[in-house]
Amino acid sequence: MTLVTQWTAPDIGAWAPQRSWSLDGGVDAPGPGMARTDWVLLVVFLLGIYTGFSIQITPNVPFPAAIAGMAGVVLLWRRRHRISPTGLAAFLGVTLLLLASILYAPGLDLLSKRTTGLLQMMYSLVISYALFLTVVEAGAAAFSRLMLVFIITIVIGTLLESYAGLNRISDAVRLAIYHQGIYESDIRDEMLYGRVRPKLFTTEPSAVTFAYTLFAFSWLLTSDWKYKRLGYLAMTAAAMVAMPGPTLLLLVLLLALHELGPSDDASQSTTTRILKLAAVGILAIAAFAIVGSTVYANRLHEIASGNDESFFYRVIGPFLVAVDVVKHHPILGVGLTGEQLVSDNIADVFLRSGAFSPLWNIPEPNEVLINYFFLHWVYLGLCGGIVMILAISGWLRALGVRAVLMCWLSWAVLGQASGAYVSPKTWTVLFLIGACSVLHARAKRAAEAPVPAPLEPPVILPAAALPPAPPTIPPLAALH
């Protein structure tokens with residue numbers, strides 16, 4: 001005869017880390033995961049950002065990144081229960097600051113254009129917010145795999161376009177769906193890079209390299225692979241072979257900024273992190289210089305000799321205009337999309353610059369100011385620009401983003417290869433990097449969580465080992 005001694009174990013749920021979803025997508029909120037529909041919409045959104053396909057509603061009112069916009073609206077509706085009063089209040093606060101900028105700026109005759117810019121800016125922030133709320137539910141491992149699929153697809157696609165005849169299909173599609181901004185400098189490509197750079201269904205080669213850079217950095221932030229930095233460098237090398245372009249040099253700088261994000265090792269001291277960041281920064285700058293002087297030697301020679309018109313309009317020119325605007329309109333700049341107010345100043349600033357060639361034409365302001373980082377200061381001025389950064393930083397902090405500095409620095413670096421401040425692409429960069437930093441922090445916290453001890457099996461004792469039962473005492477009534 002055996003006796004099984006049983007005991008009731010404590011609730012297993014009490015041992016597991018209890019995490020509730022924060023309405024703003026906080027770091028401690030893993031979320032329930034995403035449905036297949038959400039993944040499809042997320043892919044469509046990113047494809048819309050990649051292609052940049054826009055619809056012209058009226059001659060003066062575009063629908064930028066229309067594919068991403070439609071997918072973003074649906075994603076926002078599906079995430080409507082994740083929007084908290086704090087997140088909504090932060091968005092309204094940013095909107096009020098933008099409204100103040102267009103009302104305060106001089107030149108009331110441009111109010112209609114600035115109002116259009118305000119609506120586009122609000123639209124861009126709304127769908128970028130929807131992207132954030134979606135990505136933080138995806139999980140770091142799943143989202144890093146999605147980024148890897150995009151990266152591999154772009155590399156294979158650009159190689160097929162360069163060497164397997166895909167360019168004929170790509171060019172036909174580009175001519176059919178885009179009506180402006182189509183890149184036509186193939187001869188220049190052959191002079192600088194030795195071959196025509198692939199466009200892969202976008203308007204220009206820089207759109208391909210920009211998207212690749214953003215996706216590769218997002219993969220670096222969310223991947224938990226031990227050798228992900230080496231993998232990131234391999235992605236950089238593959239891109240330089242498949243789609244040469246100066247934008248890819250930003251990948252090296254972003255690798256250094258990655259160290260500003262959440263650390264992979266919580267046991268590292270502050271001193272160790274600083275030394276590690278300094279070492280990575282020095283190596284990144286050295287690699288930047290080496291790659292630039294070898295792979296892009298012809299392009300850098302053109303820039304150094306003042307013969308690169310594209311680089312001037314993308315980096316040097318916007319910087320000079322931003323300095324001039326801050327000098328004359330330091331409070332709130334010229335207002336959203338108010339370049340026309342300083343069109344005459346732009347010509348003067350360019351002509352006074354030693355880097356500008358008098359042989360170049362000066363097109364419309366919106367065609368030469370194609371750097372969203374410097375446009376931030378042109379539109380909002382020094383004071384308004386700082387206040388806007390602080391306001392959006394508060395919004396990001398409310399959403400659970402802790403690596404805010406890394407997000408802004410990465411946003412500024414990528415701004416050297418993209419324009420259109422009120423475009424969805426601009427704010428997708430900031431909110432996507434913020435979401436990836438949340439996923440990284442959450443995955444790290446989950447990995448560091450203590451593992452619960454296994455339940456002990458029930459103790460089975462043989463009957464012989466049990467103590468003898470106590471004598472039975474008859475009831476008191478039986479004694480009478």
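The values are calculated or read from the model by the stated rules, or taken from the named source; none is laboratory data. This is a predicted model, so every value here is computed, not measured. Every residue, glycine as well, gets a Cβ built from its backbone with ideal geometry; the counts of neighbours run over all protein chains shown. Just the protein is used for accessible areas: all its heavy atoms, side chains included, with ligands, DNA and RNA removed. Shrake-Rupley method; radii C 1.70, N 1.55, O 1.52, S 1.80 Å.
Structure summary
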quantity	calculated
Residues with amide H under 5 Å from that of GLY419, placed H, sequence gap 5 or more	TYR372
Value in Å of the Kirkwood radius, where the range 348-396 supplies the Cα pairs that are averaged	13.0
Tail fraction, Cα-Cα pairs, the range 69-151, threshold 18 Å, whole percent	56
Over 19 Å (Cα to Cα) - which of LYS228/LYS444; LYS226/LYS444; LYS226/LYS425 fall in this group	LYS226/LYS425
By accessible area with a 1.4 Å probe, ligands and nucleic acids excluded, highest first: order of MET34, MET191, MET388	MET191, MET34, MET388
For PHE63, distant residues with modelled amide H under 5 Å away	ILE55, GLN56, ILE57
P(r) tail fraction, the range 159-213 - alpha-carbon pairs more than 13 Å apart, %	60
Spin-label model distance (nm) - LEU159 vs ALA176, 7 Å beyond Cα toward Cβ	2.7
Pairwise FRET efficiency - VAL241 versus LEU390, Cβ, R0 = 56 Å, nearest 0.05	0.85
Solvent exposure ordering (accessible area, 1.4 Å, most first) of ILE187, ILE316, ILE156	ILE187, ILE156, ILE316
Accessible area expressed per residue, the range 147-195, with surrounding protein chains retained (probe 1.4 Å, Å²)	62
For ASP109, solvent-accessible area (1.4 Å; no DNA, RNA or ligand), Å²	130
Net charge of Cβ neighbours under 10 Å - reference VAL208; Lys, Arg +1; Asp, Glu -1	0
Most to least accessible of LEU131, LEU253 (protein chains only, probe 1.4 Å)	LEU253, LEU131
Extension gain, SER343 back to HIS328 (0.36 nm per residue minus Cα-Cα distance, nm)	4.0 nm
